[in-house]
Structure formats: structure tokens, C-alpha cells
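The values are calculated or read from the model by the stated rules, or taken from the named source; none is laboratory data. As the structure is a computational prediction, the values presented were derived from the model and not from experiment. So basically every Cβ, Gly included, is an ideal-geometry build from the backbone, and we count neighbours across all protein chains shown. These accessible areas exclude ligands, DNA and RNA; they are computed on the full protein's heavy atoms, side chains included. Shrake-Rupley method; radii C 1.70, N 1.55, O 1.52, S 1.80 Å.
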Amino acid sequence: MSVQQPIAILDSGVGGLTVAKEVMRQLPREKIIYFGDTARAPYGSRSAEEVIYFTREIVDYLVQFDPKMIVIACNTSTAVALEDIRSRVNIPVVGVVRPGARAAVGRSKKGRIGVIGTEGTIRSDAYAAELKQLAPHIEVTSLACPTLVPLVEQGAFHSHATHEAVARALQPLQSSPIDCLILGCTHYPFLAEAIQQVVGEHVCLISSAEETVREMRAILHNKRALATGQPLPVHQFNCSGESQLFKEIARQWLVEQMMITPVVWQVTKIG
């Protein structure tokens with residue numbers, strides 16, 4: 001492993017851009033190879049077998065770039081495919097569930113934590129298991145929100161219709177006394193403004209992206225593979241489906257970072 005090798009980030013679509021943004025902010029010298037499987041998104045309603053198969057395909061594509069680390073930025077893939085991928089490669093593989101759970105435990109004052117995610121993530125019970133392992137006294141309320149990812153993949157973040165859709169999706173949480181809410185899908189930070197308005201300012205929203213990158217930094221530091229003195233990198237962003245909307249969402253989300261660091265766009269068909 002060397003400092004020159006890139007970091008590979010994969011997601012079912014645009015959601016992993018939330019992690020990519022944090023990498024570009026916290027680790028500005030690290031080169032990113034990103035793959036968003038926009039042609040087959042969302043993953044949340046798919047079977048575990050399908051998600052594992054898709055994740056393997058993407059990893060097989062990404063390893064050609066000789067990455068020093070793979071980040072599974074999709075919560076659904078992390079929940080069902082993380083250990084499978086770790087058994088198939090000989091480099092560190094980081095998921096987003098454990099960092100998000102750890103951040104929530106650290107921020108919750110009442111020990112009452114909500115989790116929203118895709119059907120696949122909630123069905124796996126991955127967050128509840130991590131939270132209980134970290135703090136057995138925690139009370140966990142989980143809610144699948146299958147309507148939210150399509151909103152993000154369509155680029156609809158701030159409209160009145162989006163706010164109404166978020167309110168409908170989160171309605172079952174209104175009677176829950178949570179003080180922290182884990183955004184258990186990397187797409188959800190795109191909707192953070194609407195989510196915060198619905199749940200109220202007294203509920204702390206937890207995005208796993210920031211904590212995930214802290215974990216990445218620690219691993220790379222321990223392996224002496226942090227790119228600290230390198231020239232600014234040129235990142236590569238790949239998607240498997242329609243590219244124009246992917247680019248528009250990425251440019252909107254990464255606007256400040258892309259003013260500093262150039263990006264190469266590619267459409268890559270796999271599967």
C-alpha cells in the first residue's frame with residue numbers, strides 16, 4: 001500500500017457523494033475513484049443476494065485501479081455485503097454503518113435513537129445491532145423510508161412536494177421520543193433540511209459520512225498510507241446509468257470542492 005494509490009468509493013447511485021465530499025474536505029490530497037450504480041438504483045428494495053452480486057461486480061471493476069482502500073458508501077450494501085467483500089480483497093474495506101452508530105451513541109443524551117433507511121438496511125437490523133453492541137441500554141426505533149432515495153436520484157431536494165413526501169415518510173416517528181436520528185442511507189443528507197424541519201430542531205441528525213472519513217483517516221495513518229504531501233489529485237467519477245443528471249447532482253453537492261480539485265466524468269456499464 002502506498003500514498004499514491006487512490007481510494008475507491010462505491011454506492012448504489014449519488015448517495016455516496018456525501019462520503020466523497022467529506023473525503024475531499026478532510027483528506028484533500030487523496031485521489032477518489034467513485035462508482036455510482038445509477039442504472040440499478042435503488043438497492044433498498046432488492047434482495048440481499050442481488051445486492052451482494054452487484055457490490056461484487058462494482059468491486060471487481062474498481063480493483064483495476066489498484067486502490068489502497070474500498071469504501072462501501074451504500075448503507076444497504078454495507079449491511080449485507082461488507083463481510084463478503086472483505087473476504088474477497090486484501091485491502092481495508094470500510095462501511096458506513098458502524099461509524100454512524102458510533103457517532104449517534106456519542107451524541108445522544110437520552111439514549112433514544114431513531115434510524116431511517118432503505119427497506120434492505122432496516123430489514124438487516126444492522127444499525128440496531130451495532131447500537132446495542134456499543135451501548136446495550138440504547139432504545140432504538142427503526143423506520144424504512146423507501147420513497148426517499150428516488151427523490152434524491154431525481155435531483156429533487158428542496159421543493160414543496162419533496163418536503164411533503166419527507167413528512168409522509170417520517171410520520172410514524174412523530175410520536176417517538178428520540179433525541180438523535182441516524183440518516184441510515186447516504187442519500188438522506190441531501191434531504192437533511194426537510195428532515196430536520198419534520199422531526200424538529202431538538203432531534204440531532206447523524207450522517208455517517210464525517211465519522212466514516214475519520215475512520216478512514218485512522219486506518220490510512222496506521223498503515224502510513226495517508227497522502228499528505230501529494231499534489232492535488234484529479235478525481236474520477238463513474239456512473240452506470242444516465243450521466244447528465246448524475247453530473248448535475250454531483251456538481252451541485254460538490255461545488256466548493258470542485259472549485260479546488262478537478263474531476264473526470266465517465267459512464268461505465270457493468271453487469
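Structure data summary
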| quantity | calculated |
| --- | --- |
| Qualifying position, being open to solvent by 20 Å² or more (accessible area, probe 1.4 Å), in contact with a helix residue (DSSP H, G or I) (Cβ under 9 Å, 6 or more places away or on another chain), modelled with pLDDT of 95 or more and closer than 30 Å to K31 by Cα, among E210, E215 | E215 |
| Tally of residues being open to solvent by 20 Å² or more (accessible area, probe 1.4 Å) and of a type in the set (A, V, I, L, M) across the range 170-198 | 2 |
| Residue in the range 180-200 that is assigned to a helix (DSSP H, G or I), among the small types (G, A, S), in contact (Cβ under 8 Å) with a residue 12 or more places away in the chain and closer than 24 Å to L10 by Cα present | yes |
| Any chance I219 is in a loop (DSSP other than H, G, I, E, B) and among the hydrophobic types (A, V, I, L, M, F, W, C) | no |
| Any hit, the range 247-270, residues being part of a helix (DSSP H, G or I), open to solvent by 20 Å² or more (accessible area, probe 1.4 Å) and under 26 Å from G120 (Cα atoms) | yes |
| Breaking point among (1) open to solvent by 70 Å² or more (accessible area, probe 1.4 Å); (2) in contact with a Lys or Arg (Cβ under 6 Å, 6 or more places away or on another chain), for A227 | (1) |
| Of all residues making up the range 1-27, the number that are out of contact with any Leu (no Cβ under 7 Å at 6 or more places or on another chain), part of a loop (DSSP other than H, G, I, E, B) and not hydroxyl-bearing (S, T, Y) | 8 |
| Residues (among the hydrophobic types (A, V, I, L, M, F, W, C) and open to solvent by 10 Å² or more (accessible area, probe 1.4 Å)) located in the range 4-26 | M24 |
| Count of residues meeting criterion [among the hydrophobic types (A, V, I, L, M, F, W, C), open to solvent by 30 Å² or more (accessible area, probe 1.4 Å) and closer than 21 Å to S124 by Cα] in the range 42-67 | 2 |
| Residue list for the range 112-143, filter: among the small types (G, A, S), open to solvent by 10 Å² or more (accessible area, probe 1.4 Å) and farther than 19 Å from A81 by Cα | S142 |
| Residue match in the range 96-111 (condition: at pLDDT 95 or above, aliphatic (A, V, I, L, M), farther than 21 Å from R214 by Cβ and touching an Asp or Glu at 6+ places or on another chain (Cβ under 7 Å)) | no |
| Checking S45 against (1) in contact with a Pro (Cβ under 9 Å, 6 or more places away or on another chain); (2) modelled with pLDDT of 95 or more; (3) assigned to a loop (DSSP other than H, G, I, E, B), the condition it does not meet | (2) |
| Members of the range 154-166 found to be open to solvent by 40 Å² or more (accessible area, probe 1.4 Å) and either touching a helix residue (DSSP H, G or I) at 6+ places or on another chain (Cβ under 8 Å) or within 20 Å of S77 (Cα to Cα) (or both), listed by number | Q154, H158, H163 |
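The rows are residues; the columns are (1) within 30 Å of V267 (Cβ to Cβ); (2) among the aromatic types (F, W, Y); (3) over 22 Å from the mean Cα position of the chain (by Cα).
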site: Q174; (1), (2), (3): no, no, yes
site: Q197; (1), (2), (3): no, no, no
site: R214; (1), (2), (3): no, no, no
site: I219; (1), (2), (3): no, no, no
site: N222; (1), (2), (3): no, no, yes
site: E242; (1), (2), (3): yes, no, no
